[in-house]
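S.K.: Please read through the structure below; I'll follow up with questions.
None of the figures in this text is laboratory data; all of them are computed from the coordinates on show. Given the structure is predicted, the values throughout are model-derived calculations rather than measurements. In this analysis, Cβ positions are derived from the backbone assuming ideal geometry, glycine residues included, and neighbour counts consider all displayed protein chains.
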Amino acid sequence: MSKQKIKVLVIADYLGRSNLNPVRPEAAQLFGLQQSGEADISVLCSPESVLVDYYRDNGLTVIPHKIDGKLSLKSIRFIRKLIRDQGFELLHLFNSRAISNGATAAIGLPVKVIAYRGQTGSIKRYDPSSYLNMLHPRIDKIVCVAKAVELDLRKHLWGNKDKLVTIYKGHSLDWYQAPKADLSALNLPDDAFTLSLVANLRPRKGLHVLMEATHHFPKDAPIYTLLVGANPDDPKVKEMAAKAVDPSKVIALGYRNDAPQVSGASDIIVLPTTKREGLSRAILEGMAYGRAAVVTSTGGNAELVKDGESGYVVDPSDAPALGKAITRLWQDRDQTDAFGANARQRIETIFNVQQGIDKHLQLYKQLTGRL
C-alpha cells in the first residue's frame, strides 16, 4: 500500500512578475517537493502572475486567487474553505499578505502553518502589525533564509523559539548558462576593472557607502561601477553618482532583465547593505557566474560569501574597508579569479536546490507526524 502524500497548500502572493529570476528558487523547490512523490502541492497565487503557467507546466495544481489586502475577509474565507474541503495538512506561506491572511484563516483548523522569513529587521514585539506577520500566534514553524535571519528573529519571538529553522534558498548553476552580457557599448578602456551593484535605490542597500568607498581607491585606478536597477535619469541617482571620486566611472544601466548576465560580465560583484538583509539573490546569481563578491556582514550574506575564500566581508557602512577590499581584488586578478571559482563551487555544493527540497520535506514530515 502506497504512502499517503502530504497535502500542502502554498500561498505565494506574487503579482504580475515578468521576470522569473526572483521567484525561481521557490518554484524549483516546490517542483522538487512534488516530484519527490511524498507531497501533493497546490499553489494559490494571483491569476495575473506569470507563474500560473510555469507552475502548471511543472505539474502543480494552481488555484487562482488575488489577495486584495493585508487582511481580506474574502480571502480568509476562501482559504478556510479550501483547507476544509480539500483536507490540506500544511499551509506554506511565502510573503506578507500570504502570511497575514493564511495564518488567520488557519485559526481553529487542524492544519500546520509554515511561514517564510527572508531578511533581518522590521519585527518588533511592541508593533501590532508584527502579530499579523512573524509573531502571528497561529504559525507553527518559520523557515529563515539564513542563520543570521533566524538569530535576529529569535530575539523578538515569544515562547517556543524552536519553531525557527534555517533552510538556505537553493539555486542551480543550470539557470546561469546564458552568455554573459556584452558591455562593449560602454566603451570602457581595455584595463577597466568593473564591479556591478545590482540593487534598488533604497538607502539600506548602501550605494552612498560605495560612492564614499571610491575615495579610498588608488589614484586614477580604472575601477568602474555598474549600477544595475538604478534609473540613469533619476536625479537621486545622478546626485549619488556625483559623490564618487570620479563620477565618469559610475554608470547607471537602469533596470535589466539580464542582471545576472551583467554580473557575470563584471570582474566582481558588490553589495554594501547597511541593514535588513537576507540572502541576496543578486550575490547568489553573480557567484553562480563565478564572480568574487564583496559584501557586508549584515544579514545572511556573510554566510553566503566566505571571507578570504570566495570574496570579502566587511562591516556595514565602513567605506574605507569596502574600498580596501575592492582594491585588493583589482590588484590581484589571479586571486580574484580563484575567489570566483570558489564562489561558484559554494553555490553548487551548499546553496543548491536539492538541499532546500530535502530539508523542507523533512520539515513537512516532522509537522505531519510522518517521520
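S.K.: Quick one: how many lysine pairs in region 259-371 have C-alpha atoms under 25 angstrom apart, if they're 8 or more apart or on different chains? Kindly include the intermediate steps, with their values, before the conclusion.
M.R.: Details: LYS275/LYS306; LYS275/LYS324; LYS306/LYS324; LYS306/LYS359.
Lysine pairs meeting the criterion: 4.
S.K.: In region 1-157, what percentage of the DSSP-assigned beta bridges are antiparallel, given to the nearest 5?
M.R.: Working: 0 of 22 bridges.
If we restrict to bridges inside region 1-157, about 0 percent are antiparallel.
S.K.: Let me know the Kirkwood hydrodynamic radius for region 116-248, please, with Cα pairs as the basis and the value in Å to one decimal. Walk me through the numbers on the way to the answer.
M.R.: On the way: mean 1/r = 0.0537 Å⁻¹.
About 18.6 Å, per the Kirkwood formula over Cα pairs.
S.K.: Can you give me the relative contact order of the chain as a percent, contacts being Cα pairs under 8 Å and 6 or more apart?
M.R.: Details: 731 pairs, mean separation 57.0, N = 371.
Relative contact order comes out at 15 percent.
S.K.: Now a separate question. Per q in 0.14 1/Å, what log10 I(q)/I(0) does a Debye calculation on the alpha-carbon atoms of region 86-145 return?
M.R.: -0.35
S.K.: Classify region 246-371 as rounded, prolate or oblate from the Cα gyration tensor: take a ≥ b ≥ c as the square roots of its eigenvalues, call it rounded if a/c is under 1.5, otherwise prolate when a/b beats b/c and oblate if not. Working shown, then result.
M.R.: Details: a/c = 1.98, a/b = 1.93, b/c = 1.02.
Cα axes put region 246-371 in the prolate bin.
S.K.: For the chain, what does the helix formula give at 222 nm: sum of -39500 (n - 2.57) over DSSP H segments with n ≥ 4, over the residue count, nearest 500 deg cm²/dmol? Please list the in-between numbers first.
M.R.: On the way: 13 runs with 130 residues, N = 371.
So the calculated ellipticity at 222 nm is -10500 deg cm²/dmol.
S.K.: Within straight cross-link reach of LYS236, meaning Cα distance under 16 Å, which lysines are found once same-chain residues fewer than 8 apart are removed?
M.R.: Cα-Cα hits under 16 Å: LYS205.
S.K.: Treating the angle as unsigned and between 0 and 90°, give the value, to the nearest 10°, between the Cα long axis of helix 96-105 and the longest Cα principal axis of the chain.
M.R.: Approximately 10 degrees, to the nearest 10.
S.K.: Report the residue, chosen from VAL145, VAL209, VAL52, that carries the largest GNM mean-square fluctuation when the chain is represented by alpha-carbon nodes joined by springs under 10 Å.
M.R.: Top of the fluctuation ranking is VAL52.
S.K.: What residue among ASN133, ASN58, ASN101 has the largest mean-square fluctuation in a Gaussian network model of the chain, using Cα springs under 10 Å?
M.R.: Of the options given, ASN58 has the highest mean-square fluctuation.
S.K.: For region 213-251, which trypsin sites (Lys or Arg not before Pro) are both in a DSSP coil and crowded by at most 11 other Cβ atoms within 10 Å?
M.R.: Values: sites: LYS219, LYS236, LYS238, LYS243, LYS249; in loops: LYS219, LYS243.
Those satisfying the criteria are LYS219.
S.K.: For Cα pairs less than 8 Å apart in space and 6+ apart in sequence, what is the mean separation divided by the residue count of region 1-132, i.e. the relative contact order in percent?
M.R.: Working: 194 pairs, mean separation 34.0, N = 132.
RCO, region 1-132: 26 percent.
S.K.: Which one, [x] 5, 23, 34, 26, 10, 2, 0; [y] 5, 22, 27, 21, 13, 7, 3, 1, 0; [z] 5, 23, 31, 23, 13, 4, 1, 0, gives P(r) over Cα pairs in 10 Å bins from 0, in percent as derived from the coordinates shown?
M.R.: So the structure-derived entry is [z].
S.K.: For ALA39, list long-range residues whose amide hydrogen, built 1.01 Å from N in the peptide plane, is under 5 Å from its own amide hydrogen.
M.R.: ILE6
S.K.: In addition: Give the Cα extents of region 112-178 along the principal axes, in whole Å, largest first.
M.R.: 47, 24, 19
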